[in-house]
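The values are calculated or read from the model by the stated rules, or taken from the named source; none is laboratory data. Source: prediction; values computed, not measured. Reconstructed Cβ throughout: ideal geometry from the backbone, glycine too, with neighbour counts over all protein chains shown. Protein only, heavy atoms only, side chains kept; ligands, DNA and RNA dropped before computing areas. Shrake-Rupley method; radii C 1.70, N 1.55, O 1.52, S 1.80 Å.
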Amino acid sequence: MKNLLTILKKYWGYDRFLAYQKEAMGCVLEGRESVVVLPTGGGKSLCFQAPALVLDGMAVVVSPLISLMKDQVDALIANGIPAGYINSSMTSVERRAVDSRIRDGSLKLLYISPERLVMDSFIEYLKRVKLSFVAIDEAHCISAWGHDFRPEYRKLKTLKEEFPGIAIHAYTATATEPVREDIASELNIGTPEFIVGFFDRPNLIYSVKRVDKRLNQVIEVLERHPGESGIIYCIRRADVDTVCSQLIEKGYNALPYHAGMNTADRTRNQERFIRERTDIIVATIAFGMGIDKSNVRFIVHSGMPKSIEHYQQESGRAGRDGLEAECLLIFSDADLGTWSYILKDQSAEVKDITMKKLYRMYDYCVGLECRHKALVNYFGQEYDSTCENSCDICLENVEVSSDALQIAQKILSNVKRLNEYFGADHNAKVLTGSKDKRLLKLRHDQISTYGLLKDYSYRQVRIWIDQLLGQGCLVKVEEFGTLKIEEAGWQVLRGEIIPKLLEPPKPREAQKKIKRAVAQSWEDVDTKLFERLRSLRIILAEKRHVPAYIIFSDNALRDMARRKPETMDEFLMGYGVGEIKAQTFGEIFTKEIRDYLEEIR
Ligand code: ADP
């Protein structure tokens with residue numbers, strides 16, 4: 001382990017292990033096969049990369065996408081680690097160069113696709129090489145239970161027979177137990193060690209808002225992150241195009257990405273995002289797999305995701321570097337209808353499962369529980385207490401209404417008066433005494449509950465209805481979304497239980513709080529210097545044809561802009577600065593810092 005810590009410092013510039021890395025690396029060193037499940041940003045790659053440097057022979061890493069392979073290999077090479085890949089994008093000269101390094105034993109990590117690894121000729125080729133172990137990255141692709149099933153992963157089952165003495169280790173961020181078990185059984189690894197991390201992402205600040213001037217809600221987030229990278233997810237391609245052009249019109253640096261675009265445009269936009277030539281990608285869920293960009297600072301869902309699993313994965317693309325990042329989900333009831341329309345050609349079985357997952361997602365949106373707790377609980381883990389300052393529920397909605405019982409009874413009575421025949425919007429209109437044409441035509445201004453909550457805004461009442469839905473007092477029925485009273489609701493009407501109703505604070509107050517949370521780790525950072533170092537990073541990355549974060553992560557740059565190292569020795573002490581990076585970039589970065597300090601002195 002001491003050896004590993006030295007390696008961590010020397011090559012990566014890190015001083016300690018992240019949670020479970022030590023255990024996971026121990027398995028690799030001792031040849032105990034493992035299935036490692038850590039959340040995005042948990043540092044899975046290092047779990048196999050660091051031991052590969054200690055063990056004799058070459059490690060084979062199975063990776064599903066060329067872009068992922070390239071990203072990881074570029075990052076390894078930038079740290080001075082002998083790594084390479086073989087894939088179809090290579091020229092024959094490049095291929096021969098890798099072959100010769102495999103043959104002379106100098107390559108420590110070889111990245112490869114599952115298709116290639118199981119080809120007979122490639123297996124024969126590898127049998128002549130001294131291997132240390134096989135690592136399967138994104139291992140959930142092997143499971144039909146997972147969300148990214150890739151049939152070619154299934155063929156990896158033969159590895160155990162072809163390379164009997166070589167340990168296999170699988171890595172994934174997918175939490176559910178059936179997927180984990182399935183991975184072990186599909187890989188034919190009998191009794192692996194299961195190393196399962198904690199699924200919370202403490203650096204992500206979650207909030208959920210019911211739609212209300214969608215574009216403004218999106219822009220509120222963008223305003224908190226000028227010049228930073230982020231993704232805006234939309235449900236439909238048409239929404240991607242609309243939102244993207246609206247943002248461009250407002251002067252934002254945004255590009256679209258969806259499956260309806262041609263491959264060349266898609267690849268170009270993705271590249272521009274990764275290389276920090278554009279700040280914002282507006283995309284459908286087609287975007288994301290293979291994006292290892294560590295400094296995504298915000299994810300906005302401009303529509304409800306398909307399931308909590310999808311939400312976890314899509315929002316999880318933010319803040320891989322461990323720095324705070326913001327995830328806003330904007331939802332509306334209409335999103336359920338949109339998804340139902342998208343699913344219309346699916347089999348009844350698929351539709352049924354997907355709709356159930358969508359309703360769970362909806363419950364999350366209208367829920368009143370700490371978001372971190374709700375997500376972690378969904379994946380079957382406990383979360384003691386609440387996050388306190390990293391979600392809208394804990395940050396914003398502090399005041400519990402003292403009239404909760406009365407208000408809830410008024411809402412539920414109204415549902416009853418309307419014979420449980422109308423949806424949430426109509427109920428809110430009646431309660432707030434709206435003069436809506438349809439309402440008047442139905443003579444709902446004549447019923448006894450009309451205007452009972454006229455002292456509150458329509459929006460506020462609508463949010464309370466959501467909260468009653470979230471607590472099981474009401475339920476939404478089928479596609480028309482009519483409200484029906486559940487047993488808990490009848491109990492509220494009889495005064496037997498008191499539901500929880502929260503009053504959201506004034507919008508400005510809420511924004512201030514989120515802003516403060518988002519700014520946490522900028523403490524003591526000289527932001528002007530940070531911007532200069534960031535520009536320098538982009539220039540260096542362009543020259544080397546690698547993404548900017550491969551030169552240095554945001555975390556490393558913030559550390560520099562905090563400590564302002566002027567000498568090589570000081571530079572080498574920095575977070576995320578290994579020996580090779582110090583040799584390659586130390587002079588140029590310390591010079592930039594010295595120049596800056598000179599200018600401001
Ligand atoms: P995952 O594959 O689990 O999403 P990565 O392997 O991409 O995570 O790691 C996420 C980030 O954390 C990377 O920027 C990586 O360099 C960094 N990291 C990994 N291990 C450590 C460590 N021990 N100390 C500090 N940072 C680390």
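Overview of results
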{"read-out": "Filter result for the condition that a residue is in contact with a Ser or Thr (Cβ under 6 Å, 6 or more places away or on another chain) and either over 30 Å from residue 13 (Cβ atoms) or assigned by TED's automatic domain parsing to the domain that holds residue 29 (or both), over 153, 111", "value": "111"}
{"read-out": "Complete set of residues in region 543-571 that are in a loop (DSSP other than H, G, I, E, B), away from the ligand (no atom under 13 Å from the Cβ) and not basic (Lys, Arg)", "value": "545, 546, 565, 566, 567"}
{"read-out": "Subset tally (residues that are of a type in the set (A, V, I, L, M, F, W, C) and not in a helix (DSSP H, G or I)) for region 456-474", "value": "2"}
{"read-out": "Filter result for the condition that a residue is in the same structural domain as residue 271 (by TED's automatic domain parsing), within 30 Å of residue 378 (Cα to Cα) and in contact with a Lys or Arg (Cβ under 9 Å, 6 or more places away or on another chain), over 235, 189", "value": "235"}
{"read-out": "Candidates 354, 386, 338 - the one that is surrounded by fewer than 18 Cβ atoms within 10 Å (Cβ to Cβ), more than 16 Å from the ligand (Cβ to nearest atom) and closer than 21 Å to residue 518 by Cα", "value": "386"}
{"read-out": "Enumeration of residues in region 190-213 that are basic (Lys, Arg) and in contact with a Gly (Cβ under 9 Å, 6 or more places away or on another chain)", "value": "201"}
{"read-out": "Boolean, residue 369 is assigned to a loop (DSSP other than H, G, I, E, B) and surrounded by fewer than 14 Cβ atoms within 10 Å (Cβ to Cβ)", "value": "no"}
{"read-out": "Scan of region 572-590 for residues that are within 16 Å of residue 526 (Cα to Cα) and either of a type in the set (Val, Ile, Thr) or assigned to a helix (DSSP H, G or I) (or both), ordered by number", "value": "589, 590"}
{"read-out": "Residues (under 15 Å from residue 227 (Cα atoms) and open to solvent by 60 Å² or more (accessible area, probe 1.4 Å)) located in region 513-534", "value": "527, 528, 531, 532"}
{"read-out": "Hey, residue 174 part of a loop (DSSP other than H, G, I, E, B) and within 16 Å of the ligand (Cβ to nearest atom) or not", "value": "yes"}
{"read-out": "Search result, residues across region 61-72 that are out of contact with any Gly (no Cβ under 6 Å at 6 or more places or on another chain) and at pLDDT below 95", "value": "63, 64, 66, 69, 70, 71, 72"}
{"read-out": "Subset of region 11-35 (residues that are open to solvent by less than 10 Å² (accessible area, probe 1.4 Å) and within 9 Å of the ligand (Cβ to nearest atom))", "value": "13, 21"}
{"read-out": "Complete set of residues in region 355-404 that are β-branched (Val, Ile, Thr) and within 19 Å of residue 500 (Cα to Cα)", "value": "366, 386, 393, 398, 400"}
{"read-out": "Residue identified as surrounded by 15 or more Cβ atoms within 10 Å (Cβ to Cβ) and either closer than 29 Å to residue 343 by Cβ or among the aromatic types (Phe, Trp, Tyr) (or both) among 408, 428", "value": "428"}
{"read-out": "Sole residue being in contact (Cβ under 8 Å) with a residue 24 or more places away in the chain and either part of a loop (DSSP other than H, G, I, E, B) or surrounded by 18 or more Cβ atoms within 10 Å (Cβ to Cβ) (or both), chosen from 198, 194", "value": "198"}
{"read-out": "Failed criterion for residue 190 (all others in (1) over 20 Å from residue 311 (Cα atoms); (2) modelled with pLDDT of 90 or more hold)", "value": "(2)"}
{"read-out": "Residue, nearest to residue 555 (Cα to Cα), within region 591-601, restricted to residues that are in a helix (DSSP H, G or I) and open to solvent by 20 Å² or more (accessible area, probe 1.4 Å)", "value": "592"}
{"read-out": "Selection count, region 132-145, where residues are more than 16 Å from the ligand (Cβ to nearest atom) and either open to solvent by less than 20 Å² (accessible area, probe 1.4 Å) or assigned to a helix (DSSP H, G or I) (or both)", "value": "4"}
{"read-out": "Residue check, residue 524 at pLDDT below 95 and either in contact with a Cys (Cβ under 9 Å, 6 or more places away or on another chain) or more than 16 Å from the ligand (Cβ to nearest atom) (or both)", "value": "yes"}
